[in-house]
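First up is the structure itself, then whatever we jot down about it.
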Amino acid sequence: MEMHASSASSHGEAQTGRGLVDREELVRVIAQSLYSLGYRRAAAALEAESGVPLYPAEHDRLLFDVMSGRWDACVAAIRAVAGLGDRERAAAEFLVWRGHFLELLGIGDAGLPRAREVLWRRIAPLGVDRECVHWLARAMVSCEGAVAPDAVVGWRIGLFLDLVDAFPPWFHVPSGRLELLVENAVVKQVLSCVYHNLPDEVTLFEDHKCPEEQIPSKCSQILCGHNNEVWFVRFSNDGNYLASSSSDCTAIIWKVEEDDTLTKKHCLVGHKNPISFVAWSPNDRMLLTCGNGESVKLWNVATGECSLKFSSSVGHIINSCAWFPNSEKIVCASCEPDNSPKRIFTCDLEGQELESWVGDRIPKVSDIAVTPDSKHLICVCSNEIWIRELPKGREWRIREQQTISSLSLSGDGQSLIVNLNSQEIHLWRISENSTVPDNKFKGHKQGKFVIRSCFGGSNSLFIASGSEDSQVYIWKRHLETPIKVLYGHSLTVNCVSWNPAKPHMLASASDDRTLRLCELWLHAVTCHCKFATREATTGFKSVVKIDVVATLVSVA
């Protein structure tokens, strides 16, 4: 009796823990997947052992009737299908009779009388779109769409597939249904995972949940190349370089080595005033630096030499600039101290001005960006985000209640974040229909200084920002409160940058004159061991380094 009860249970509801999955549906979805993967004998064996066919009897009957041209039987089968509304049933019957009509036209003059009868007695009473009926009537003269006798088999297969699309899902399991269900489940788990940062860390063998250590949190290196406050830091687009700028009037290009340590490549000297920001060209061959109240300088990344100085009209001060995606021109925003009309202009790499916007309606820009598709120019000024379609299109403004200090774009150019002096960061979609931010991030400190934030991590799922309390804050894109706070700097953290090619790497710049490189805990300690013994020559130190790494791996 116990064995019989167990057997009955195995053939009842699927044992899924919650009892939400119907056994027959599950078997059919699995069978469809096996067939699509090419395991036809395994699929057939599953159908035979479970007693659950992939397709219901109505499916096979309709297929036989369509391929045999038994049109009245097809209509009867359609009317017997449960779950079809009147409109869906009429649409399916229209497909059947239209197929019969076009096959009759393909016969030639001999089929015209019967085709006329099908049109007026079978199709017209269905109440379908009159344009369709009129088109079929015209086809009796033009023979447009007529199905030749040698094309009937392929035509009927297509007709059957069209009919299946009009029926409820239980009638014909959609192709790839199991794969879609599994993928949706994985995507949902990934999206709900607070610390998901490495795209390869997904498996079907267990529920997905990343540990906290997936977020850069271990300081792997402190860079002390500047002699004063470090105001800006930015990784190159390919992630192979890092650029920093300082109030010591210099910028430094750092090389990301194969072991993820950073070494100084060039120190860019030539500005007379503090350098407020830098901008990598999209191809990473050039770097723009902008000094306070100075002309913008263009540097060759390979040689570290200044290639050109960009300047605006006499008396104007360039205070922000950005690259166009083709790396062949830049856009600059300038203003005058005496409140004369503001200017936004583009120029090529020879310094020739190409286009300009001048006038009272042009805002005094504090930060500027161009989307990766070149379709939008975005400026921030005071408490507004000014967006203009390029080359010459509509423009609109997004108003904030507080002063905006900085702007950052997502990698796909679909979203932006702005830092506000109210100690909030707002996430906006770049859309004329955006009226409220998608999210507001809180927890960091900002009131007196320009603090810069960035998108980062796998698929830009995270937001990172500096703070006036000397810490770095990290949020998940859909969460309002920080998921991680990084300590280490002793003064205000002005800017952060997440490596776009290596989501485990985050850099921060501070008034304490240092840059700090944070990585995943295990990765950072491993890199530190390699870095510390790079110049070692004794066999003893090499063995110690290997043992430390091996111990870390075993502990993890």
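Computed over the Cα atoms of the stretch 212-531, the ratio of the radius of gyration to the Kirkwood radius (Rg/Rh) comes to 0.94.
Between Asp438 and Asp162, full extension at 0.36 nm per residue minus the direct alpha carbon distance yields a gain of 95.3 nm.
Need one word for the stretch 425-473: rounded, prolate or oblate. Basis is the Cα gyration tensor (sqrt eigenvalues a ≥ b ≥ c); a/c below 1.5 gives rounded, then a/b vs b/c decides.
The shape class here is oblate.
Semi-axis lengths, largest first, of the ellipsoid equivalent to the stretch 55-172 are 24, 16, 11 Å, with √(5λ) applied to each eigenvalue of the Cα gyration tensor. The portion of the accessible surface of the chain made up by carbon and sulfur, rounded to a whole percent, is 52 (1.4 Å probe; DNA, RNA and ligands excluded). Extension gain for Gln401-Tyr487 works out to 27.9 nm (0.36 nm per residue, less the C-alpha to C-alpha distance).
Computed over the stretch 231-323, the range of Cα coordinates on each principal axis works out to 47, 26, 19 Å, biggest value leading. In plain terms, the chain from Asp469 to Val182 could stretch by 98.9 nm, reckoned as 0.36 nm per residue minus the Cα-Cα distance.
Angle between the Cα long axis of helix 539-555 and the longest principal axis of the chain, 0 to 90 degrees, nearest 10? Value to nearest ten degrees: 40. Site pair Lys392 and Ala45 shows an inter-label distance of 7.1 nm when each label is modelled 7 Å from Cα along Cα→Cβ. Each Lys and Arg adds +1 at its Cβ and each Asp and Glu adds -1 at its Cβ; summed about the Cα centre, the chain shows a dipole of about 780 debye. The long axis of helix 86-107 is offset from the longest Cα principal axis of the chain by roughly 70 degrees.
Going down the table (Lys255/Lys329; Lys448/Lys502; Lys264/Lys502; Lys218/Lys265; Lys342/Lys375; Lys297/Lys342), which pairs top 27 Å between alpha carbons?
In this structure, Lys448/Lys502 exceed 27 Å between Cα atoms.
Over the stretch 30-179, accessible surface divided per residue gives 55 Å², non-protein components excluded, 1.4 Å probe. Beta-bridge orientation, the chain: approximately 100 percent antiparallel, per DSSP, counting only bridges with both partners inside. Taking the helices alone, the chain has a mean residue ellipticity at 222 nm of -9000 deg cm²/dmol, built from -39,500 (n - 2.57) per DSSP H run of at least 4 residues and averaged over all its residues. Quick note on the chain: its Rg to Rh ratio, both from C-alpha atoms and Rh being the Kirkwood radius, is 1.14. Look at the dipole of the stretch 212-531 built from charges on Cβ: of Val358, Phe441, Gly457, the Cα furthest out on the positive end belongs to Phe441. For the chain, the longest principal axis of the C-alpha atoms and the axis of helix 521-532 are separated by about 40°. If R0 equals 56 Å, the separation of the Cβ atoms of Thr203 and Cys132 corresponds to a calculated FRET efficiency of about 0.65.
The values are calculated or read from the model by the stated rules, or taken from the named source; none is laboratory data. These numbers were taken from a predicted model, which means no experiment stands behind them. Because the Cβ atoms are built from the backbone with ideal geometry, glycine has one as well, and the counts that use them run over all protein chains shown. Accessible surface areas use protein heavy atoms only, side chains included; no ligands, DNA or RNA. Shrake-Rupley method; radii C 1.70, N 1.55, O 1.52, S 1.80 Å.
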